[in-house]
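All of the numbers you see were taken from the coordinates with simple rules; none came from a lab. All values derive from a computational prediction rather than experimental measurement. Counting neighbours? That spans all protein chains shown, and the Cβs are built from the backbone with ideal geometry, glycine included.
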Amino acid sequence: MTRLAPEERRAMCEMGNVSKELKDAIKAKQDWASSWWTQFLILFKRTFNERRVDYFSSLKILQVRSKDHHKNSSHHHESHSQ
């Protein structure tokens, strides 16, 4: 969250002629401001939750293929050793 430095806050308080719209805009920015890291985490979690099924189905495919490969490989070795 963005915070005003004490000097900036003091200067703003001294400006009595600042429009209500500007004060509201500054307040809205303070309320909604977030760090790059926070925004990244929010978007990462949202994307992961939306695509979770796709990610894990691809992972399952790779696991099954890996198991089949190892199974065929070990079966192939056994038949040649006999």
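Data table
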item	result
K23/R51 FRET efficiency (R0 35 Å; Cβ-Cβ; nearest 0.05)	0.25
Estimated FRET transfer efficiency when R0 is 22 angstrom, pair Q63-F40 (beta carbons, to 0.05)	0.15
Potential lengthening between N72 and E8 on full extension [0.36 nm per residue; Cα-Cα distance subtracted]	16.0 nm
